[in-house]
Amino acid sequence: MDEQRETLQRIVSTLANKNDEIHNFIDMLNHTIKNVQVNSSNAISELDEEFDGLYSILDEMKGSMANTIQQEEARKIQALQDQLSQCSNALESSEELLELAAQSLDIKDPVEFLKVENIERTVTMASAFRISLKPKVSDSMTHLMVDFALERRMLQAVKFLPGKNSMQ
């Protein structure tokens with residue numbers, strides 16, 4: 001019976017030690033869970049910072065590129081408005097010259113007609129003959145188009161950095 005008591009005592013002692021090990025393991029698991037939560041939160045915060053940085057860069061680039069497009073738009077519109085103004089002035093001048101020339105053609109008196117003799121030179125020098133009827137700029141803005149296909153593929157290929165073995 002003493003032998004059985006000793007055996008039972010060893011088993012109880014071993015079981016008590018095992019229980020202590022299990023308690024310690026449970027404490028370690030709970031601590032690991034808290035660390036996983038903290039580290040996950042930190043990883044998400046860092047991820048947010050990285051993406052916010054990318055958003056900021058994209059927003060700056062978008063603003064800069066939009067500004068370039070708006071400047072090109074303003075430049076082209078100004079050039080076309082200048083040309084439009086020149087054409088309107090030439091047309092107005094030309095209509096006045098047409099009216100004057102038509103009146104000159106109706107003059108029957110040769111002496112009176114000689115007084116307006118230089119009308120021919122004035123008409124041939126009209127700005128309507130010198131003005132270009134081709135737009136100075138094109139309406140195309142294709143030179144300011146963007147293609148982000150490569151960048152999109154690069155962003156879609158972003159992966160996590162390889163780290164030390166995390167024991168899954």
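Every number here is computed from the coordinates shown, using simple stated rules; none is lab data. Note that the coordinates shown come from a computational prediction; the quantities given were computed from them, not determined experimentally. Please note: Cβ atoms are built from the backbone with ideal geometry, for glycine as well, and neighbour counts cover all protein chains shown.
Here are the numbers for the structure shown:
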item: Crossing angle, helix 2-105 versus the chain [Cα axis fit, 0-90 degrees, rounded to tens]; result: 0 degrees
item: GNM flexibility winner over the chain from Phe129, Phe25, Phe113 (Cα, springs under 10 Å); result: Phe25
item: Read-out log10 I(q)/I(0) by the Debye sum over Cα atoms at q = 0.14, 0.20 Å⁻¹, derived from the coordinates shown; its label in (1) -0.99, -1.27; (2) -0.72, -1.58; (3) -0.92, -1.34; result: (1)
item: Most fluctuating residue given options Arg121, Arg152, Arg130, as computed from a GNM of the chain linking Cα atoms under 10 Å; result: Arg152
item: Cut-off 13 Å between beta-carbons: net charge of the residues surrounding Thr14, Lys and Arg +1, Asp and Glu -1; result: -1
item: Inter-probe distance in nm under a simple model that places probes 7 Å from Cα toward Cβ, at Ile44 and Gln81; result: 5.2 nm
item: Charge dipole magnitude, Cβ of K and R +1, D and E -1 - segment 2-155, Cα centre, debye nearest 20; result: 380 debye
item: MRE, 222 nm, helices only [DSSP H, n ≥ 4, -39500 (n - 2.57), over the chain, to nearest 500]; result: -27000 deg cm²/dmol
item: Relative contact order for the chain, counting Cα pairs under 8 Å that sit 6 or more residues apart, in percent; result: 23 percent
item: Signed unit charges on C-beta, dipole axis of segment 14-168, positive-most listed residue Ser127, Ala149, Gln37; result: Gln37
item: Of Ser41, Ser94, Ser127, the one that fluctuates the most in a GNM where the chain has Cα springs shorter than 10 Å; result: Ser41
